[in-house]
């Protein structure tokens, strides 16, 4: 039904990819691999979405990257349709601005399986912003073996080695309080917040 409404299977997959990953940037071959569609079809639909203003593009190191345009006038309703795990809470932008906080964000099963997570942030390679110095931050109490497996699977899926940091909630709050340089870098960087149960970054 959604495919009929939006015109093509490839377009729907692209919208799901972009709206499920606000603040994340993807290049064409990466997109093709993630949504498992032909590159010509992907290029055609990317061109359509660009012309409408749903996505934006930027050339970095001879690669053209695409990401969802959060200033697009219908961003919120489209994210409600295609946003998956971030439907309940809009991801924070690079400036740290947050959307409505009246409903708690639902935590995806893949994160629940790791333990009790209070905060999960994608940055660095995911958002093409190196101010944070890492690609993934997790805050909470996590099973070490489950975390190792999760990182290995994520690296295999992304096709690259990832830099990640794990800390307790108490440690993160203390670092916030003393304006620790590492945490400050994460706050300043462009990021995708996928879990924030205590509104730590608001």
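Within a 10 angstrom radius of the beta carbon, how do 197, 60 rank from fewest other beta carbons to most? Can you show the working numbers first?
On the way: 197 16, 60 10.
Taking fewest neighbouring Cβ atoms as first place, the list is 60, 197.
Any idea what log10 I(q)/I(0) is at q = 0.26 Å⁻¹ for the range 2-68, Debye with uniform C-alpha scatterers and no solvent?
Evaluating at q = 0.26 Å⁻¹ gives log10 I(q)/I(0) of -1.30.
Using a 10 Å cut-off around each Cβ, can you sort 135, 148 from fewest to most neighbouring Cβ atoms?
Details: 135 22, 148 10.
Fewest to most other Cβ atoms nearby, the residues stand as 148, 135.
How much length is gained on full extension from residue 76 to residue 181, taking 0.36 nm per residue of separation minus their Cα-Cα distance? Mind dumping the intermediate values first?
Details: separation 105, 0.36 × 105 = 37.80 nm, distance 3.30 nm.
Extra length from residue 76 to residue 181 when fully extended: 34.5 nm.
By count of other Cβ within 10 Å, fewest leading, how are 24, 33 ordered?
Numbers: 24 22, 33 15.
So the residues, fewest neighbours to most, are 33, 24.
With each label point set 7 Å from Cα along the Cα-Cβ vector, what nm distance links residue 164 and residue 62?
3.2 nm
Read-outs throughout are calculated quantities, based only on the coordinates presented, and are distinct from any laboratory measurement. Worth saying up front: this structure is predicted, and the values here are computed from it rather than measured. Note: ideal-geometry Cβ built from the backbone for every residue, glycine included; neighbour counts use all protein chains shown.
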